[in-house]
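To keep things clear, I will list the structure first and then write my remarks on it.
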Amino acid sequence: MKIRRNKPTLFSKIFSEFLLFAVLITALLWCAQTLFLDSFYKAVKKSRAAEALENVTRNVAADGEVLEDTMSDIGAYYNVCVMVLSERLEVLSNYECEPRCALHSLTRSQLAGLCLSAYENGGYLSEEWELREATSTESRFSYKTSLFTSDNIINAAVITSDSGSVRIALVNSHISPLHETVSTLRILLIWISAAIFLLAPILAFVISRSISRPISQLRTSAARLERGDFDISVPSDSDCREISELSDALAHSAAELSKAENLRRELIANVSHDLRTPLTAIGGTAELMRDFPEERTDENLEIITAEAKRLSRLVSDMMELSKLQSGVEKTDITDFSLTEVIKEVSRSISALARQGGYNIEVSVDGDAVVTGDRRRIEQVLQNLGANAVNYLGDGTAVRFVQTISDGRVRVDVIDDGEGIEEKDLPHIFERYYRSDKAHKRSSDGSGLGLSIVKTILDAHGAAYGVSSSPREGSDFWFSLKLADSK
Ligand code: ADP
């Protein structure tokens, strides 16, 4: 594994990013309080005052108590002072909720000026008024332009009814000074910031460790795997789904790699052994025939031919299996009659049976159509049939039995031959596995026949298995879904 020292570790990255996040949040809180609180508060107040005026103008046509009540309701709801004037500036309704209201402190001439400005401005006006030191006769309020230092907003609207009568609606929204609130918030913020700066590193440490620990364990395991050490441990107790899945994937890869490595070793050992035996026999017999003319017998020629055949079967089985497992050969998936294939294979084996003196029986319970690669399934039946014949020993019959039930078809290839020892049964489908007995017989088997069967059946998603007992015979079976049950 390449070690990249120039890159930060996961722990330091999460730790520093968490700290940065804490600093940013604190800075944001301070900015919100010191820079934006005031202007945000005033903007909200302004929009509420405009909304209140809109409500007032909608209800300004009423008279007497109704007008009075409606204006009080609106004023109380929006927390604003409301005044409705006639064209001659007579007060028709008056709601006052704030003693520091600019509207109610205006002189009559200031009020008249305001109404005139609203009239000249197309019927609407919004002005800010600031409290100032009261001078003898003047109002305590003066008009100002700067938004941020004002403490009252007066909105005015001139409304002309259909009958031509004019009413002037005035709304005053008081902007309370925020200094006290701000200083209370500031103290609170100082405490919050102190708590963040104390707790953030501790939290950052705990979080970074809990995230980075399983990942660094996985990294160590992956590095060991890379060195060819398949006995790795992966974190199994992670709370995160991704890490658990990664652990499972790594554990699975380790198991598969270890299996592949074992297979590779076994393959080399078995191939060299299995190839060497026939080659030695061929070479030895040929030399004998070359050196001693009297050894040029039909028997020795038979040995050479048989061993050459065995060698050729071994090589072709090895190629077949590696082609199947590497997936280089395309599969030809069609719907076909499995029953037909059973009959064809049993017919081809029957030819041998006539010479060997045993029976081939076929029992089918209907026409079973399945989806798959016909040629491959035929190969499965060929291999199982050939094994049944090869290991028949003193047995007398090989039976192909087809049973259809529950949307599946099961095929049993049964023989009453020598059977398989219980200890061999779990390994029988493994590559190059040949029971001791079979090995001693030095049959022309390659030890790959059942491996080929297993690979094909796995690719078809078939269920398969074997039941056998020594000297009583074996039952190799597989079951496939029927095509019309899908
Ligand atoms: P081989 O080329 O040796 O037959 P296979 O993979 O086809 O290789 O079979 C593996 C081993 O399983 C055989 O060597 C044999 O010991 C055992 N075996 C397979 N089929 C039968 C059977 N029908 N009866 C008894 N033993 C069997």
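The values are calculated or read from the model by the stated rules, or taken from the named source; none is laboratory data. On a predicted model such as this, the values are computed, not experimentally measured, just so you know. Positions of Cβ are backbone-derived with ideal geometry, glycine not excepted, and every protein chain shown enters the neighbour counts.
Could you please let me know if Tyr464 is surrounded by 15 or more Cβ atoms within 10 Å (Cβ to Cβ) and either modelled with pLDDT of 95 or more or away from the ligand (no atom under 12 Å from the Cβ) (or both)? Yes, satisfied.
Give the number of residues within the stretch 52-69 that are surrounded by 16 or more Cβ atoms within 10 Å (Cβ to Cβ) and farther than 15 Å from Leu85 by Cα. The qualifying residues number 2. Here is the figure for the stretch 417-428: residues that are of a type outside the set (Val, Ile, Thr), within 10 Å of the ligand (Cβ to nearest atom) and either assigned to a loop (DSSP other than H, G, I, E, B) or surrounded by 21 or more Cβ atoms within 10 Å (Cβ to Cβ) (or both) total 5. When Ile168, Ile175, Ile190, Ile202 are screened for being surrounded by fewer than 13 Cβ atoms within 10 Å (Cβ to Cβ) and over 30 Å from Cys240 (Cα atoms), only Ile190 passes. Among the residues making up the stretch 176-207, those that are over 18 Å from Leu24 (Cα atoms) and of a type in the set (Ser, Thr, Tyr) are Ser176, Thr181, Ser183, Thr184.
Summed over the stretch 341-382, the residues that are farther than 21 Å from Lys481 by Cα, within 16 Å of the ligand (Cβ to nearest atom) and of a type in the set (S, T, N, Q) give a count of 2.
Listed here are the strands (runs of 3 or more DSSP E) enclosed by the stretch 312-387 that have at least 3 residues being surrounded by fewer than 18 Cβ atoms within 10 Å (Cβ to Cβ): 333-337, 359-364. Taken over the stretch 388-403, the criterion of being surrounded by 17 or more Cβ atoms within 10 Å (Cβ to Cβ) and away from the ligand (no atom under 12 Å from the Cβ) is satisfied by Phe400, Val401, Gln402. Annotation: of all residues in the stretch 366-386 being polar (S, T, N, Q) and either modelled with pLDDT under 90 or in contact with a helix residue (DSSP H, G or I) (Cβ under 6 Å, 6 or more places away or on another chain) (or both), the one that is nearest to Ser446 (Cα to Cα) is Asn383. Residues in the stretch 293-339 that are in contact with a Leu (Cβ under 6 Å, 6 or more places away or on another chain) and in contact (Cβ under 8 Å) with a residue 40 or more places away in the chain: Asp317, Leu321. Can you work out which of the residues in the stretch 433-446 that are touching a helix residue (DSSP H, G or I) at 6+ places or on another chain (Cβ under 7 Å) and either buried (at least 19 other Cβ atoms within 10 Å of the Cβ) or part of a helix (DSSP H, G or I) (or both) is modelled with the lowest pLDDT? Across the stretch 433-446, the extreme among qualifying residues is Gly445. Right, Ile243: within 42 Å of the chain's Cα centre (by Cα), among the β-branched types (Val, Ile, Thr), exposed (fewer than 13 other Cβ atoms within 10 Å of the Cβ) and part of a helix (DSSP H, G or I) or not? It is false that Ile243 is within 42 Å of the chain's Cα centre (by Cα), among the β-branched types (Val, Ile, Thr), exposed (fewer than 13 other Cβ atoms within 10 Å of the Cβ) and part of a helix (DSSP H, G or I).
When Ala76 is tested against the conditions (1) exposed (fewer than 14 other Cβ atoms within 10 Å of the Cβ); (2) closer than 30 Å to Leu218 by Cα; (3) among the small types (Gly, Ala, Ser), the lone failure is (2).
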